[in-house]
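Here is the structure we will look at.
FYI, it's all coordinate maths here, none of it is from the lab. These numbers were taken from a predicted model, which means no experiment stands behind them. FYI the Cβ positions are ideal-geometry reconstructions off the backbone, even for glycines, and counts take in every protein chain you see.
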Amino acid sequence: MKRIIGQFGVDSGTIMIVDPCYFHDPQRWDPKRLFRLAEEHKAKGEIKEAENCKRLAKEKLELQNIIGDWKQVCKDMENLPMNYASGVITRTKHGDGLYDVIGHFNKAGEITKIEVNF
């Protein structure tokens with residue numbers, strides 16, 4: 001089953017899909033803290049956890065770039081679609097507007113896919 005679950009409002013001709021938690025709780029996602037945690041995990045031999053903390057720290061730095069230096073982000077977005085700040089940024093086919101988000105659900109009512117038609 002599928003149905004419209006919301007809409008994207010677009011004013012830049014682009015959309016970004018990202019985990020909203022990256023915009024919340026700045027102390028938890030502080031890159032310096034995450035790099036320190038990575039070193040602590042590495043010292044304990046917890047390589048997978050260390051790599052994950054490093055990845056999150058780098059992605060958080062990209063997210064801070066989005067918030068703080070939009071001109072640079074726009075320059076980075078010359079090669080869309082692309083992975084950025086643990087999310088995805090892409091252009092829309094028709095530029096600005098309001099685009100439906102369609103949710104696809106399994107028999108248990110759990111969302112399995114989202115779709116945006118530009």
- [ ] Putting +1 on Lys and Arg Cβ atoms and -1 on Asp and Glu Cβ atoms, find which of Ile89, Gly103, Ala38 reaches farthest to the positive end of the dipole of the chain.
- [x] Ala38
Open item on the list: Please list, short to long, the whole-number percent of alpha-carbon pairs of the chain in consecutive 5 angstrom bins beginning at zero.
Closed with: 2, 10, 15, 17, 15, 14, 12, 8, 4, 1, 0
Task: FRET efficiency for Asn83 and Lys32, using Cβ-Cβ distance with R0 set to 22 Å, rounded to 0.05 - done: 0.45
TODO: Go through 42-52, 102-112 and give me the packing order, highest mean Cβ count within 10 Å leading.
DONE: 42-52, 102-112
Task: Helix-derived mean residue ellipticity, 222 nm - over the chain, DSSP H n ≥ 4, -39500 (n - 2.57), to 500 - done: -11500 deg cm²/dmol
Task: With Cα atoms, 0 to 90° folded angle of helix 31-43 axis to the chain main axis - done: 50
